[in-house]
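Everything on this sheet refers to the single structure shown next.
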Amino acid sequence: MEKINKDGTTYLNPYLGGVILGTVLLLAFYISGRGLGASGAVKNTVAATVNVIAPEHVAKSAYYSQFAGGDKNPMGNWLVYEVIGALAGAFLSGLLFNRLKFKVEHSPKITNRRRLVFAILGGVVFGFGSQLARGCTSGAALSGMAVLSLGGYITMIAIFGTAFIAAWVFRKNWI
Amino acid sequence: MIGSIISSGIISPSWDNVFAVVLGMGFGFALEASGFSSSRKIIGTFFGYDFVVVKVFFTAAIVASMGLLYLNYMGLVDFSTLYIQPLFLASAIVGGIIMGVGFSMGGFCPGTSICAAAVGKLDGLAFFGGMFIGVYLFSEAFPWFEKLYYSGSQGSPMVNTVFGISPELFTFILVLAAIGMFFGASWVEKKVKKVEY
């Protein structure tokens, strides 16, 4: 069920990986009544950090005040714990499949530096969009699709449709 | 026992965060083991040389959808206690478009960048760091986007109602569509020149 790569490490068969991911998602709904997410943990961390530095600013902000300030505990959020688990789970997988290695991946046509600049910019843009759409590929698209939410399907199509076009614009970075 | 387990009160809600860590570990493991810690593997979907994203993502979506319908049918899950995102049409579309651009610029989405960072991919770490800046910028600029953020409120509609069919029939069609897509993806992969990464 495993696919051997050029560098000797292995990946799971993608359909097996999908079944595991789907089962974890199903268990999340069954146990905690919610889907998996990622960007929400970043949002809570940012809100908590700003709340430490400038609590008055958080109290006045129509956005931060939804998550932090008062008796709210943004770092005690389910998604923060889930993301800590995800870091550990991915690390264990890297250990098991012999993939723990410092590395920057990009097309041979570009430098590491250019790749890292684009990675940061991509993170900035994605992080911004995830707040506007109330969730990312995990929380809005995948978890939304699992419960047949129309919003999940719309966000999924918007993300993948745009990424398909944008990939052509940024093709030099990849192929 | 009717799920979700936590909201049914069988287990103390304080266990919820313990489950969050364990479920998160499964999430991170599944993504990394499937190859989602590699940006060039992920982005292969958009050039046709590696469709792992399509295969894993849609397999997970149909497994979870079918699983929830079965659990609901057997009376093990009460759909009404599950969290369904409210739909704000304008911000869902515009936010999705912005995320799509970030996806192709950075080669990751938030969850996959976390997994990449965990195994030492520095581009994953850079993307993850960039997200904090992006979230901060949105939060600070919120007054300018507030109108867009709340416009087009639709409640929490289900996708099957758009087509006027039952959740079960929609999921059945989704499974057929996914299988068709998997065959299509494998066919394209064979046609497209391999990219070494």
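Remark: C-alpha extents of region A:24-113 on the principal axes read 48, 40, 18 Å, sorted largest to smallest. Quick one: angle between helix A:150-169 and the longest Cα principal axis of chain A, in degrees between 0 and 90, rounded to 10, please. Helix A:150-169 sits roughly 50 degrees off the main axis of chain A.
With a 10 Å cut-off around each Cβ of B:155-167, the average count of Cβ atoms from other chains is 3.
Think of it as helices only: each DSSP H run of n ≥ 4 in the protein assembly as shown is worth -39500 (n - 2.57), and spread over all residues that comes to -21000 deg cm²/dmol at 222 nm. Summing charges over all other residues whose Cβ lies under 14 Å from the Cβ of B:Glu140, with Lys and Arg as +1 and Asp and Glu as -1, gives +1. Taking 24 Å as the limit for the C-alpha separation, the pairs A:Lys101/B:Lys193; A:Lys101/B:Lys190; A:Lys101/B:Lys55; A:Lys72/B:Lys121; B:Lys121/B:Lys194 exceed it in the case of A:Lys101/B:Lys193; A:Lys101/B:Lys190; A:Lys101/B:Lys55; A:Lys72/B:Lys121.
What is the distance in Å between the Cα centres of region B:151-197 and region B:1-71? Cα centres, region B:151-197 to region B:1-71: 17 Å. Rounded, prolate or oblate for region B:2-196? Axes are the square roots of the Cα gyration tensor eigenvalues, ordered a ≥ b ≥ c, and the cut-off for rounded is a/c under 1.5. Since a/c stays below 1.5, the shape of region B:2-196 is classed as rounded.
Shielding by partners for peptide A:102-110, expressed as the average number of C-beta atoms from other protein chains within 10 Å of each residue's C-beta, is 5. The distance between label points at B:Ser166 and B:Tyr73 comes to 0.9 nm (points 7 Å beyond Cα on the Cα→Cβ vector). When each of the peptides B:57-69, A:93-105 is scored by how many other beta carbons lie within 10 Å of its residues on average, the order from highest to lowest is B:57-69, A:93-105. Where does helix A:112-132 land angle-wise versus the long Cα axis of chain A, in degrees 0 to 90, nearest 10? Taking Cα atoms only, the helix is inclined about 40 degrees. Shape verdict for the protein assembly as shown, please, from the Cα gyration tensor: rounded (a/c under 1.5), prolate (a/b greater than b/c) or oblate. Rounded, because the longest to shortest axis ratio a/c is under 1.5.
For region A:64-171, what class follows from the C-alpha gyration tensor (a ≥ b ≥ c being the square roots of its eigenvalues): rounded when a/c is under 1.5, otherwise prolate if a/b is larger than b/c, else oblate? Taking the square roots of the gyration eigenvalues as a ≥ b ≥ c, region A:64-171 is oblate.
Where a number appears in this text, it was derived from the coordinates with a stated rule and is not lab data. Just so it is clear, the model here is predicted, and its values are computed rather than measured. Using ideal geometry, Cβ is built from the backbone for each residue, glycine included, and neighbour counts are taken over all protein chains shown.
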